[in-house]
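Pasting a structure here, questions to come.
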Amino acid sequence: MTGAAGFPSLSRPVLFERLEAGGVALTANRRLARFLKHEYDRRQQARGLAVWPTPEILPLSAWLERLYADAGVAAGPRLLSSFQEQALWERVIGESEAANPLLQVASTASMARQAWQLAHAYRLWEPLERQPLNEDCRAFLRWARGFRELARTLGAIDVARLPDLLAVWIRERQVPVPREAVLCGFQEMTPQERELFAALGHAGCALAELAPPDGAARPMRLALPSRKDEVLTAARWARARLDADPHARIGVVVPALMEQRRQLARVFAQVMQPAAGLPKTPRAALPFNVSLGEPLAAYPLVDTALAVLELLRGETDLNRLGSLLRSPFIAGAQAEQAPRALLDAHLRARGEPQVELRRLRLLALEEDARGQPRPYAAPVLAHSLEALLVLADENGDAVRAPSEWAEVFFAALTALGFPGGRTLTSEEYQVHEKWRELLTTLASLDVALPRLPLAGALSRVKRMAADTLFQPASPEVPVQILGVLEADHLEFDHLWVMGLTDEAWPASPRPNPFLPIPLQARAGLPHASAERELAFAQRLTDGWFVSTKELVLSHPRREGDRDLAASPLIAGVPAVEAAVLGLAESPIYRDVIHGSGRMECVEDTTGPSHPPGDLARGGSQVFRDQAACPFRAFAAHRLASASLGLPQPGLSAAERGSLLHQVLARVWAQLRSRQALERISPERLEAIVKAAAEEAVKALARERPRTLSGRYAALEKERLARLTLAWLEEVERARGDFEVEAAEAQQELTVGGLTVRVTLDRVDRFPDGRRAIIDYKTGEARPSHWEDGRLEEPQLPLYAIGSTDPVAAVAFAQIRPGDMGFRGVAAARVDMPGVRYREDWDTLLGAWRQALEALGRAFVAGDARVDPKQYPRTCEHCDQGLLCRVHERLNLGPMEPEGGDD
Ligand code: SF4
């Protein structure tokens, strides 16, 4: 009997007999080679053998590379690695399209490289040269000639042409061929493969092919509410089948494996090993394996390595630095865990999105410039950074060959003590080895790349890490989660194929843009046309029916707001409900624990009282927070709980407001009165204001050197000067006479037993000796917030009742472009536009005193009730939401499930 490729067809037992006799099995992909090896081993064990020779089962690509390597490098051109090949394509395209800055060279090179491989595999060169081409195809032909020429100059060959070269050598008997080879999984053979196998036959190698599985499944079709339910049900099904038979071969095939990989790994781990996260539970090996692997760059160890290399630029992004400071893969990570976290918080509080390496080292030192110990001192880190600084200085502007950069990168990692002091787990060890291999590969790019600067070398190594899919080796496990191609030709006891919607199966065509689409369709290239995709999907679907005993074909019913139907390729399969699968409920531990909880309510709304007489940190903000929500005040001012700062480009609203305060304080320190403002010349006033803006910006620039420099600093000074002059001209000049008695003055106040230190923005004295207390606002000022018992803006009432001198008025000075003026209340008629006379001033003052004393007493007593003044508005910008868990307390909807919805 002959198979699909026209060679004698063998059953699996016969294949194994041939392998025992020294034959070779060549597979269409790695997964099939691994599967056959595993089945072979099972057979030998079943026969009672303890040891046996390793069978020759390997993917065709690996066999060709081995054949070529065994023939000796001297026999032919050097074989390019995939990274070398990519670099050569990028070089050819970059040089050819230098005038087109919009072209994305790396992704174009990947597509061109794929077109090159397809053109060789499907013998498209002749028809390509003969037919009219569009601009993209013409560009590809131009690059292809360039690539061929460059490779020839370098004495190199690529994997796309290797089968052709070896076919010639095989025909000419320059290389030894096996007596017999069995082809496995070559259901669709390219013309190039056909010619290669013909050459093998010509050289005396007897070829046969493995017959496809011929089982008969009990298929069923299942529609589940969502993709998430589909994954969860498949995981529970796999667990149930495994519990019933620990040796069962279980497959889960997922067409969109790459996109769903993380969700699958998480849900299967929760279902297969629900106790994994519980304290003191040893981590056992998981009984499933998700195919394809993750990009190397996604592994924490490699992420740390890349973050270290980025430091060579002399500065780094704060978020990147944060993950480096918390990483266990650099020297001193464990011993300096706490100070490094504090250092991260300190840098975030400063708000600069970029951190210089030099400054970071200084901050990590044990003492500051005045000899004071730093709470976030991390001497091991400081020492490591010193060595890294030397490398950064030497290499920041250097242009080097890739192999030289590889050496610099190894040195930088050594300087930071990478991969840390603790023993690596098996997975981390393998990732580390793979990372070292990647850096060695970088060194091999000398042949393909010119000398390049640090930025170029860094982006190259990052791209290589992102493009390298890596899966740590693990023992053979019973549950395999695979993509559709990998599952081709495998056999299972139980198989579940998910995601089979009418949108996803068959897939939409994805022809290569650099080859004419009609030519691709005629030649039957993968993904070339809808017909090709349909035939391909039909073949794989037919294969599932004969590769297992139990077959479940599923699809989600909805995604987002779209209804989804079953793929027409499975529409004829009997539909069943999930109950037919007979799965016992296996909720994850988190839900069990939640569900079994018996709620016991314990009122615990009071913390320890504040020591009487002690100054509370936070100034008037303590009263403000206590009024907004007692728990907020307790958390912020007693527990010192605060969220980490979020660095942002430019200045925050608070920083801009503070700058304006500083400018006005400096200006009034010189003017002192409205009369002086009246008398001063416009030129002189402008000079004073500009100088004040200059000094204020300079002072803040010590904390925010990168932000407040250059054009940004100049613009900020201009803004401050313009705003201040407008305020003085439009509002202050229009008032009656006053003198500025104090600006930014500090004062201690005790109200309701609570002592705080407050800063008064400004105190004016009227000619009759009474005072107005003024608070600057760059946002909207609302005196109406003084009217109810929980004062939303308590600072001015606080100053008013705390003042030992008679107060005539309290007012917000609202300073914002186009909306300037005072907003306040007064005890008497005062010449201050926007300030309202209140006949009931004494009553108002009494109400303020009562409200503030109550707030002060409550804080001192340790009142910590979760009681936002107006939910949800009060909570919108509160830092303490994670701590108070108001959303749970008020039963405002479920918690987000762990890991999100994916
Ligand atoms: S989030 Fe709301 S309830 Fe929680 S502390 Fe803040 S203001 Fe209070």
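The values are calculated or read from the model by the stated rules, or taken from the named source; none is laboratory data. Model, not experiment: these values are computed from the prediction. Counting neighbours? That spans all protein chains shown, and the Cβs are built from the backbone with ideal geometry, glycine included. Side chains are part of the model used for accessible areas, which takes the heavy atoms of the whole protein and leaves out ligands, DNA and RNA. Shrake-Rupley method; radii C 1.70, N 1.55, O 1.52, S 1.80 Å.
Measuring from centroid to centroid over Cα atoms, what is the spacing of the stretch 504-522 and the stretch 475-503 in Å?
25
Sticking with this one: Note down the magnitude of the dipole of the chain about its Cα centre, charges +1 on Lys and Arg C-beta and -1 on Asp and Glu C-beta and zero elsewhere, to the nearest 20 debye. Walk me through the numbers before you get to the answer.
Values: 108 positive and 118 negative charges, 119 e Å.
Approximately 580 debye in magnitude.
Near the amide H of ALA378, under 5 Å away, which other amide H atoms are found, from residues 5 or more places off or on another chain, if H is placed in the peptide plane?
LEU365
Then there's this: Compute the semi-axes of the equivalent ellipsoid of the stretch 842-893, taking the square root of 5 times each eigenvalue of the Cα gyration tensor, and list them largest first in whole Å.
Working through the eigenvalues yields semi-axes of 28, 14, 9 Å.
A further question on this structure: Over the chain, what is the relative contact order in percent, taking alpha-carbon pairs closer than 8 angstrom and at least six residues apart?
Computed over the chain, the figure is 13 percent.
Let me know the charge dipole size of the stretch 620-860 about its Cα centre in debye, to the nearest 20, where only the beta-carbon of Lys, Arg (+1) and Asp, Glu (-1) is charged.
Details: 35 positive and 34 negative charges, 138 e Å.
That gives a dipole near 660 debye.
Between helix 710-727 and the chain, what is the angle of the helix's C-alpha long axis to the longest principal axis, kept within 0 to 90° and rounded to the nearest 10?
The angle comes out at about 30 degrees.
Given 10 °C and 1.306 mPa s, compute D for the stretch 134-259 with the Stokes-Einstein relation, Rh being the Kirkwood radius over Cα pairs; round to the nearest whole µm²/s.
Values: Rh = 20.2 Å.
In µm²/s, the coefficient rounds to 79.
Here's a follow-up. Subtracting the Cα-Cα distance from 0.36 nm times the residue separation, let me have the gained length for THR153 to HIS877 in nm, one decimal.
254.2 nm
Once R0 is set to 30 Å, what does the formula 1/(1 + (r/R0)^6) return for the Cβ-Cβ distance between ALA507 and ARG194, expressed as a FRET efficiency to the nearest 0.05?
Rounded to the nearest 0.05, the efficiency is 0.70.
Can you figure out the FRET efficiency of TRP125 with ASP229, using R₀ = 56 Å and their beta-carbon distance, to the nearest 0.05?
0.70
If you project the alpha carbons of the stretch 444-502 onto their three principal axes, what span does each projection cover, largest first, in Å?
For the stretch 444-502, the Cα extents along the three principal axes come out at 55, 35, 18 Å.
Please label the shape of the stretch 1-66 as rounded, prolate or oblate, based on the square roots a ≥ b ≥ c of the eigenvalues of the alpha-carbon gyration tensor (a/c under 1.5 means rounded; beyond that, a/b larger than b/c means prolate, else oblate).
Oblate, since a/c reaches 1.5 and b/c is not below a/b.
How big is the shadow of the Cα convex hull of the chain, averaged over all directions, in nm²?
On the way: hull surface 194.9 nm².
For the chain, averaging the hull's shadow over all directions gives 48.7 nm².
Here's a follow-up. Taking Cα atoms of the stretch 295-470, Rg/Rh with Kirkwood Rh, to two decimals?
Working: Rg = 16.2 Å, Rh = 16.6 Å.
Answer for the stretch 295-470: 0.98.
Add +1 for every Lys or Arg and -1 for every Asp or Glu among the other residues with Cβ under 13 Å from the Cβ of ALA341, and state the total. Don't jump to the answer; show the numbers that get you there.
Values: positive: ARG326, ARG340, ARG348; negative: GLU336, ASP344.
With Lys, Arg at +1 and Asp, Glu at -1, the net is +1.
Please report the relative contact order for the stretch 620-860, taking Cα pairs under 8 Å with a sequence separation of at least 6, and give it as a percent rounded to a whole number. List each step's numbers first, then the result.
Numbers: 368 pairs, mean separation 46.8, N = 241.
Once normalised by length, the contact order is 19 percent.
Shifting gears a bit: Gap in Å between the Cα centre of the stretch 636-657 and the Cα centre of the stretch 347-407?
Taking the Cα centre of each part, the stretch 347-407 and the stretch 636-657 sit 25 Å apart.
Still on this structure, please answer the following. Roughly speaking, what % of Cα-Cα pairs in the stretch 231-313 are separated by over 23 Å, rounded to a whole number?
Beyond 23 Å sits 38 percent of the P(r) for the stretch 231-313.
Now for a separate question. Of all accessible surface on the chain at a 1.4 Å probe, what whole percent is carbon and sulfur?
Using a 1.4 Å probe with all protein chains present, the chain comes out at 53 percent carbon and sulfur.
Just subtract the alpha-carbon distance of ALA535 and ARG142 from 0.36 nm times their residue separation and send over the number in nm, one decimal.
Stretched out fully, the ALA535 to ARG142 stretch lengthens by 138.2 nm.
Among residues other than THR153 whose Cβ falls under 13 Å from its Cβ, what is the net charge (Lys/Arg +1, Asp/Glu -1)?
Cβ neighbours under 13 Å give a net charge of +4.
Quick one: what do you get for the stretch 526-682 if you divide its Cα Rg by 2.2 N^0.38 Å? Don't jump to the answer; show the numbers that get you there.
Working: Rg = 34.4 Å, N = 157, 2.2 N^0.38 = 15.0 Å.
Against the empirical 2.2 N^0.38 Å value, I get 2.29 for the stretch 526-682.
Only sites in a loop by DSSP and with at most 14 other Cβ atoms within 10 Å count here; which trypsin sites (Lys or Arg not before Pro) in the stretch 29-67 make the cut?
ARG47
Quick check: residue separation of ALA349 and GLU744 times 0.36 nm, minus the Cα distance between them. What number comes out in nm?
139.9 nm
Given the DSSP H assignment, sum -39500 (n - 2.57) over each helix run of at least 4 residues in the chain and divide by its residue total; what's the result at 222 nm in deg cm²/dmol, nearest 500?
Result for the chain, helices only: -14000 deg cm²/dmol.
To continue, here is another question. Give the long-range amide H neighbours of VAL497: residues separated by 5 or more places, or on another chain, with amide H under 5 Å away, using H modelled in the peptide plane at 1.01 Å from N.
HN-HN under 5 Å from VAL497: VAL253, VAL552, LEU553, SER554.
A further question on this structure: Can you give me the long-range amide H partners of ARG78? Hydrogens built in the peptide plane at 1.01 Å from N, cutoff under 5 Å, separation of 5 or more residues or another chain.
Amide H neighbours of ARG78: ALA156, ILE157.
Taking R0 as 56 Å, what's the FRET efficiency between ALA69 and HIS383 from their Cβ-Cβ distance, rounded to 0.05?
Values: r = 45 Å, r/R0 = 0.80.
Result of the calculation: an efficiency of 0.80.
Might you tell me the accessible area per residue for the chain, computed with a 1.4 Å probe and given in Å²? Before the final figure, lay out the partial values.
Working: 43350 Å² over 902 residues.
Solvent-accessible surface per residue comes out at 48 Å².
To check my understanding: the extent here is largest minus smallest coordinate of the Cα atoms along each principal axis. What are those three numbers for the stretch 260-382, in Å, largest first?
Projected onto its principal axes, the Cα set of the stretch 260-382 covers 58, 33, 24 Å.
Along the three principal axes, how long is the stretch 81-158 when you take its alpha carbons, biggest first, rounded to the nearest angstrom?
Principal-axis extents of the Cα atoms in the stretch 81-158, largest first: 30, 28, 19 Å.
Shifting gears a bit: Share of Cα-Cα pairs in the stretch 392-505 beyond 25 Å, in percent? The partial results should precede the final answer.
On the way: 2997 of 6441 pairs.
The answer is 47 percent, as a whole percent.
Another question, if that's okay. Run the simple label-point estimate for ARG857 and ALA687 please: 7 Å along Cα→C-beta, distance reported in nm.
5.8
Continuing with the same structure: Expressed as an acute angle from 0 to 90° and rounded to the nearest 10, what is the orientation of the C-alpha long axis of helix 257-272 relative to the principal long axis of the chain?
The helix 257-272 is inclined about 80 degrees to the chain.
Rounded, prolate or oblate: which fits the stretch 620-860, taking a ≥ b ≥ c as square roots of the Cα gyration tensor eigenvalues, rounded meaning a/c under 1.5, else prolate when a/b beats b/c? Before the final figure, lay out each step's value.
On the way: a/c = 2.16, a/b = 1.17, b/c = 1.84.
Judged from the Cα gyration tensor, the stretch 620-860 comes out oblate (a/c at least 1.5, b/c at or above a/b).
Hey, got a sec? Which trypsin sites (Lys or Arg not before Pro) in the stretch 397-489 land in a DSSP loop and have at most 14 other Cβ atoms within 10 Å?
Within the stretch 397-489, the qualifying trypsin sites (Lys or Arg not before Pro) (loop, at most 14 other Cβ atoms within 10 Å) are ARG422, ARG451.
Within the stretch 315-413, report the chymotrypsin sites (Phe, Trp or Tyr not before Pro) that DSSP leaves as loop and that have at most 11 other Cβ atoms within 10 Å.
Numbers: sites: PHE329, TYR376, TRP405, PHE409, PHE410; in loops: PHE329, TYR376.
Those that pass, being in a loop and sparsely packed, number zero.
Apply the Karplus parameterisation 6.51 cos²θ - 1.76 cosθ + 1.60, with θ equal to phi minus 60°, to every residue of the stretch 139-146 and state each ³J(HN,Hα) to the nearest whole Hz, in sequence, with x for glycine and proline.
Once θ is set to phi - 60°, the couplings for the stretch 139-146 become 4, 4, 4, 5, 5, 4, 5, x Hz.
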